[in-house]
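Input: a single structure, listed below in structure tokens.
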Amino acid sequence: MAPSPRDTAVAMYDHLPSLTAVAVSAFRALADDPARPGEALDPLAHRVLPWPVGAATEALRAPARHEPLRSLLRWGLLGLSDHVVLRTLAIDHAVRDALTAGCRQLVVLGAGFDTRAGRLPALAAVPTWEVDHAATQRFKRRVPLGDHVRLVTVDFARDDLAARLVDAGFDAATPTVWIWEGVTPYLPAAATVATLDVVSALSAPDSQLLVTYATPEMSSLADRLRGGRAERLRVVGHLGFRALGEPLAGLVPTEVFHAVLAHHGWSVTDDSDAPTWSRRWQPDRAPVLVIHERLAVATRRSPSA
Ligand SMILES: C[S@@+](CC[C@H](N)C(=O)[O-])C[C@H]1O[C@@H](n2cnc3c(N)ncnc32)[C@H](O)[C@@H]1O
């Protein structure tokens, strides 16, 4: 039988942790927290990251070596590290807002090496479920982020997310904030929609979904080039992610993504990109190049609305 589209959404290197998750966590480990100058944005990252990446990020944070490395990263990675750091800041703020608005539990979908549950004081007592592949969670399990955090092993393309969450104690009657950061670009549309079906069915009214998605343009560098050169650059970008074992299978225009959210009963209250995150949370870190991944913040409508 031919594989369904959902079946194709499998990390190519099943025995390795997600390499994109390692990379984005390393960027956070090396970045400063704008609210606490000189402190790492993610002081727990080097502990959860696999050795030797964790050891390298800790060593490289030494002040004397940090600035040159940061500049090298910013320019060498064509804006990717800026993008990830700003994305994390934006979602940190959105999570706090969601808790203030009444959400009382957190699910992190495709959590990778996200350490929010351990590093944000506002989440210290919030029941949290982190969902990801077994290969990535094998490393995450070695450094627990707290008794309030449970790791739930799920492949979005194959497994029953709802059953696994409920088995792990998730309460569908409690307003939930869902974080789905940097994951949908790697999922075929069918896997994203199937996951959204579950997330929506498990979301009490006033739950919030913080989800990033990437649009087909990919980056402002491609925007600046014309015709064939822009297309070739996009092909190179696709090949790069494919080589990491995580092909970009789910790029989607904004209007289509919003329509899918609306169809699932979500109202988009904010949709923003990296320049906006920079203006809001770190004006001195305007991204050197804009990656076209956006953050949609959506609220679950009550059934009667
Ligand atoms: C770019 S990383 C982002 C990790 C984390 N959200 C962050 O921003 O630090 C993508 C994550 O999605 C997870 N992922 C991708 N496809 C998945 C699937 N089909 N099922 C479960 N997890 C998946 C990967 O294992 C990885 O941890």
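The values are calculated or read from the model by the stated rules, or taken from the named source; none is laboratory data. Predicted, not measured: the structure shown is a model, and the values here were computed from it. Here the Cβ positions follow ideal geometry from the backbone for every residue, glycine too, while neighbour counts run over all protein chains shown.
So which of Leu99, Leu72, Leu78, Leu120 is more than 12 Å from the ligand (Cβ to nearest atom), in contact with a helix residue (DSSP H, G or I) (Cβ under 8 Å, 6 or more places away or on another chain), at pLDDT below 95 and among the aliphatic types (A, V, I, L, M)?
None of the others qualify; the one that does is Leu78.
I'd like to check something: does segment 184-193 contain any residue that is over 19 Å from the mean Cα position of the chain (by Cα), within 15 Å of the ligand (Cβ to nearest atom) and on the phi < 0 side of the Ramachandran plot? No, segment 184-193 contains no residue that is over 19 Å from the mean Cα position of the chain (by Cα), within 15 Å of the ligand (Cβ to nearest atom) and on the phi < 0 side of the Ramachandran plot. Taken together, the residues in segment 195-220 that are farther than 18 Å from Arg87 by Cα and at pLDDT 95 or above amount to 13. Quick check on my filter: what residues within segment 123-142 are more than 22 Å from Ala162 (Cα to Cα) and either near the ligand (Cβ under 9 Å from one of its atoms) or not aromatic (Phe, Trp, Tyr) (or both)? Answer for segment 123-142, where residues must be more than 22 Å from Ala162 (Cα to Cα) and either near the ligand (Cβ under 9 Å from one of its atoms) or not aromatic (Phe, Trp, Tyr) (or both): Leu123, Ala124, Ala125, Arg142.
In the condition set (1) under 23 Å from Thr176 (Cα atoms); (2) in contact with a His (Cβ under 6 Å, 6 or more places away or on another chain), Pro287 is compliant with all but (1).
Residue check: is Thr128 closer than 14 Å to Pro175 by Cα and buried (at least 19 other Cβ atoms within 10 Å of the Cβ)? It is true that Thr128 is closer than 14 Å to Pro175 by Cα and buried (at least 19 other Cβ atoms within 10 Å of the Cβ). Condition check for Leu289 on (1) over 23 Å from Asp197 (Cβ atoms); (2) away from the ligand (no atom under 15 Å from the Cβ); (3) free of Cβ contacts under 8 Å to residues at least 24 places away in the same chain; (4) among the hydrophobic types (A, V, I, L, M, F, W, C): one failure, at (3). The single residue among Asp92, Asp159, Asp147 that is within 14 Å of the ligand (Cβ to nearest atom) and assigned to a loop (DSSP other than H, G, I, E, B) turns out to be Asp159.
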